[in-house]
Amino acid sequence: MKRLTIFAVLFSVLIVFTACTAEQAEPEAAPVTTSVPETTQATVVDDGIVDISLGDNEILVEGMVADSDTSSEVYIAKDIVYYEEGKDFTYGEGDESEAHSKAEAEDHTVVHITQPGEYRLSGKLSKGQVAVDLGEDAEKNPEAVVTLILDGVDITCDVAPGVIFYSVYECSDADEENATNDVDTSEAGANVIIADGSVNTVNGSYVAKIYKPESVVLDESGTEVEDASKLHKYDGAFYSKMSMNINGGEEGTGVLNINADNEGLDSELHLTVNGGIININSGNDGINTNEDYVSVTTINGGTVNIVVNGETGEGDGIDSNGWLVINGGNVKAEACSFSADAGIDSDMGIHINGGTVVASGSMLDRIEDGGQTNVTFNFIEKQGGETLTAKNSSGEEIADIELVNDCSMVLYSSPDLSSDETYALYIADELIAESDSGFMGGPGAMMHPGGEMPPEDEPPHWN
């Protein structure tokens, strides 16, 4: 059997391990121009794509300096949403480490996109954000669709997500009664294309929970007596409030690096990855879709590499509050080294139907029956920072699995696995773990670290 090397794209080459909250060492940028004659407003060129060139000194839209006119399809402003310092508990749930000063926030320039269409992003913005908002009626308007083409863009935001979709068309609904794991997001209003041959980086922080002011009710002692609903809470460096698609170009060679002090790539409803190379280095969940019992994270193709660095003390590689469905592509998801988290985690079920999957962590959710064969390996002592070699019962090498984080277990799934075969993991020539095949999603995923079966009264699902 041919030997496979998983994820030849090395993190050390492709990911810019930039701490999202680090001070910028670059010279102080000149102020961005905020007013120009009306003739410089964005116009669509013949290919129908609006070119936006980011820069710390100026931002160009179709070659013209961007303005601050809110009626423009693209405009700039100093109005970033962030968690304000010096507030009490009626304001929100953030602590001092999550709060920022007005001066910090006003250092950031927001590039607002307000009209449907395709927008090509390039250039570097050291303190800023790209925000898509088509208005309060966009969610129900099938024409409210925006595609961001990432073509050599580098965005750093120290107080909020680097890229955020606020209001575009929502192709699905959040009706728990009708929710299934089979969701079509092809008509979604939030779309991203990673241009072939490009390397793109988004470094982002997050916005702690901010309340709606009128929703907080206090009794005579000042105690909150009703739940306060959120106004803002954007956890990820790359974030969408609506369902989102991530696509590659025709060749699928474009790279998107996401570095996050909290979560990496988030959608409040559904997320579908169809192509491109996505590398995520995150302080918490690498990918999260967060509508309880509804959201579906679907991976149909491309390469997804996730390492949770544990900056927040926890984090799954991929965490869906609904379902996780992997139909193809290469997926490698490493949970936090020192928390009880999983490489892949789902509240409603994990379906592996195709592709090559490596998931490592300290826990593992059950893989649903009926899919592609998977195997799990449980370690007596944690493993990490090593290349593990998987072999079949004949001693043939079938895969190299490179681990960055320490872990107690590894799940591996590939079209080359057989449900009639047994497999083992080695470091050099030393045997470290054996496992039966998953039998189309079977008993391997039901084990605790160390290979013990769970108690009879324990459900087959751990978060």
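The values are calculated or read from the model by the stated rules, or taken from the named source; none is laboratory data. Please read these numbers as outputs of a predicted model, since none were measured by experiment. Backbone-built Cβ (ideal geometry, glycine too); neighbour counts: all protein chains shown.
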In region 99-113, which residues are under 23 Å from the mean Cα position of the chain (by Cα) and closer than 18 Å to K209 by Cα? A99
Which residue out of S394, S418, S435 is assigned to a strand (DSSP E or B) and either at pLDDT 95 or above or of a type outside the set (F, W, Y) (or both)? S435
Considering region 398-426 alone, what residues qualify as being surrounded by 13 or more Cβ atoms within 10 Å (Cβ to Cβ), without any contact (Cβ under 8 Å) to a residue 60 or more places away in the chain, more than 22 Å from V325 (Cα to Cα) and of a type outside the set (S, T, Y)? E421, A424, L425
Which one of the conditions (1) among the charged types (D, E, K, R); (2) touching a residue at least 40 places away in the same chain (Cβ under 8 Å); (3) in contact with a strand residue (DSSP E or B) (Cβ under 7 Å, 6 or more places away or on another chain) does D95 fail to meet, given that it meets all the rest? (3)
With the condition kept exactly as written, say whether any residue in region 238-259 is touching a Lys or Arg at 6+ places or on another chain (Cβ under 7 Å) and on the phi < 0 side of the Ramachandran plot. no
Within region 283-374, strands (runs of 3 or more DSSP E) holding 2 or more residues that are surrounded by fewer than 24 Cβ atoms within 10 Å (Cβ to Cβ) and touching a strand residue (DSSP E or B) at 6+ places or on another chain (Cβ under 9 Å): 349-352
Condition first: closer than 29 Å to N279 by Cβ, at pLDDT 50 or above and surrounded by fewer than 14 Cβ atoms within 10 Å (Cβ to Cβ). Can you find one or more residues in region 12-24 that meet it? no
What are the pairs with Cβ atoms under 6 angstrom where one residue, in region 120-134, is closer than 17 Å to S71 by Cα and the other, located anywhere, is among the polar types (S, T, N, Q) and part of a strand (DSSP E or B)? Sequence gap at least six, or different chains. D133/S167; L134/S167
Being farther than 26 Å from N392 by Cβ and out of contact with any Asp or Glu (no Cβ under 8 Å at 6 or more places or on another chain) is the filter here, so list the residues in region 341-377 that pass it. M348
Going through region 341-381 one residue at a time, which ones are without any contact (Cβ under 8 Å) to a residue 40 or more places away in the chain and more than 22 Å from G322 (Cα to Cα)? E381
Condition check: within 26 Å of the chain's Cα centre (by Cα) and surrounded by fewer than 19 Cβ atoms within 10 Å (Cβ to Cβ). Does D88 satisfy that? no
Considering (1) touching a Phe, Trp or Tyr at 6+ places or on another chain (Cβ under 6 Å); (2) in a strand (DSSP E or B); (3) surrounded by fewer than 22 Cβ atoms within 10 Å (Cβ to Cβ), say which one P142 fails and leave the rest. (2)
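Is it the case that some residue within region 207-216 is closer than 28 Å to I352 by Cβ and buried (at least 23 other Cβ atoms within 10 Å of the Cβ)?
No: zero hits.
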Tell me yes or no: at least one residue of region 122-133 is in contact with a strand residue (DSSP E or B) (Cβ under 7 Å, 6 or more places away or on another chain), assigned to a loop (DSSP other than H, G, I, E, B) and farther than 25 Å from V207 by Cα. no
Does any residue in region 312-325 that is on the phi > 0 side of the Ramachandran plot come within less than 6 Å, Cβ to Cβ, of a residue that is in a loop (DSSP other than H, G, I, E, B) six or more places away or on a different chain, and which pairs are these? G315/N284; G315/D285; G315/C336; G315/D341
